[in-house]
Amino acid sequence: MELVEKLSILSAAAKYDVSCSSSGSNRKNKPGGLGNAAASGICHSWSQDGRCISLLKILQTNYCVYDCAYCVNRVSNDLPRATFTPEEVADLTINFYRRNYIEGLFLSSAIWPNPNQTMEALLRTVKLLRNQHRFNGYIHVKAIPGADWRLIAETGTLVDRMSVNIELPTSESLKLLAPQKKRDNILQPMKLIGSQIVETQEERKRSRKVPSFVPAGQSTQLIIGATPDTDLRILQLAESLYRQVHLKRVYYSAYVPVSTNPRLPALAAPPLHREHRLYQADWLLRFYGFEAKELLNEANPNFHLQLDPKSDWALRNLHMFPLEVNKADYRFLLRVPGIGVRSAQRIITARRFHSLDFTDLQKMGVVMKRARYFLTCKGKYYGQVPYREETIKEQLLAQPKGKENFTQLSLFSDFDNQYPVQDAISSITGEL
């Protein structure tokens, strides 16, 4: 098979894996080496459907022994199959990098013929790049559940980021759609990678000669909408992964119907709106001090699709508002809809010098169309509607139809007919 044909097959097979962010690594070039990964992460772009396109994103092989109902590469699916040799992947990466087509490699694989041999192939590829080609650019590799820990650990010393995809949030979901996979086999390498990262970071504080281990951290991916799991269950899992295995990121991927199967839901389109709400909630967990149990509960197990998670939470806790912006502490300012991390920091800094009013908040970037219902400035309330849940909710939901703020920004977007830029950026970053 021609290399171009392999590339076509194995790049298409990798497009549903979204956990490929490249930020956080600081691997520097060495004398005689090629490339580096900046501390702020390599630059990467996104296609209109939100997929990362700046990394060479491929599978080592799409032959697979598993038959997961939701996966395009499952063994029972009739599609062209191919396998890269480690030499082919290394040559492709170097040649694309030198042509400035890519700035790093995202390498995953289906399981073939078993976890150990699959992990060995990934390790050989990374070794070729690092040791033979002296490539110092960004590399993200999937750790294969069930593979020998020694193979995963050696790979971790050579790459910037590793990930182990959970895919489905519960054992029941795995039993339904991926019965050959076991939850413990997936979580075990995540725990080992997480503990090794922490241990290495501590050792490197004492000696910089200690080799780094997955310096950009580990991530995982959860598929949304393929099973009946609620947002509450998904968010609780993400929260526990951040706390217990020191995960860098959880990626949420709306289930894309790639085949028909009686075990799969009949969806007309991927649940992108639900995916967006989970990304917003994930942001609240990591940077705003929220807990999953605050945002959702058994009575309300799924996010409101028309209200962002922070506004929804604030409406259910109106007794905590309105806050006086000139007195509230940083922790509570972060809980006001429309005030992000940077706005809260600016407020804390600015009010050391003078009391803030409505105009000051606008200049600081506070999204007043949401924040005005939950704040007072110098004792004055600017909500302009009675302070009741129903009236405020009605105002927050009064958005122009067909212009929901969760769309992907484009270089060619007609901003004159879009939401304000601040809202569009917020819809991508998750900052609320």
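The values are calculated or read from the model by the stated rules, or taken from the named source; none is laboratory data. These numbers were taken from a predicted model, which means no experiment stands behind them. FYI the Cβ positions are ideal-geometry reconstructions off the backbone, even for glycines, and counts take in every protein chain you see. For accessibility, only protein heavy atoms count, side chains too; no ligands or nucleic acids. Shrake-Rupley method; radii C 1.70, N 1.55, O 1.52, S 1.80 Å.
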In straight Cα distance, which aspartates and glutamates are under 18 Å from residue 181, not counting same-chain residues fewer than 8 positions off? 17, 67, 148, 167, 172, 229
Taking trypsin sites (Lys or Arg not before Pro) that fall in a DSSP loop and have at most 12 other Cβ atoms within 10 Å as cut points, what is the longest piece of the chain between them? 100-207
Surface accessible to a 1.4 Å probe, per residue, for the residues of the chain, Å²: 48
Rounded to the nearest percent, how much of the accessible area of the stretch 188-248 (1.4 Å probe, protein heavy atoms only) is carbon and sulfur? 48
Per residue convex hull volume, Cα only, the chain, in Å³ is 169
If you line up the Cα atoms of the stretch 309-397 on their principal axes, what length do they span on each, largest first, in Å? 37, 23, 21
Considering the Cα trace of the stretch 146-231, what is its radius of gyration and what is Dmax, both in angstroms? 15.4, 48
What is the stretch 207-308 by shape, rounded, prolate or oblate, if you read a ≥ b ≥ c off the alpha carbon gyration tensor as root eigenvalues and call it rounded for a/c under 1.5, prolate for a/b larger than b/c, and oblate otherwise? oblate
Amide H contacts of residue 252 (H built 1.01 Å from N, under 5 Å, at least 5 apart or other chain): 222
Output the antiparallel fraction of DSSP beta bridges having both residues in the chain, as a percent to the nearest 5. 15
So, with a 1.4 angstrom probe, what is the percent of accessible area on the stretch 309-397 that is carbon and sulfur? 49
Quote the convex hull volume per residue of the stretch 253-361, based on C-alpha atoms, as a whole number of Å³. 131
Looking only at lysines whose Cα falls under 27 Å of residue 380's and that sit 8 or more positions away or on another chain, we get 310, 327, 363, 369, 393
Reach of residue 209 by Cα under 25 Å, taken over lysines that are not fewer than 8 positions away in the same chain: 28, 30, 127, 191, 248
Under a 5 Å amide H to amide H cut-off, with H placed in plane at 1.01 Å, what residues pair with residue 104 once short-range neighbours are removed? 56
If the label point is 7 Å along Cα→Cβ of residue 75, which residues in the stretch 148-181 have backbone nitrogen under 14 Å from it? 178-181
Subtract the Cα-Cα distance of residue 318 and residue 8 from 0.36 nm times their separation in residues, and report this length gain in nm to one decimal. 106.2 nm
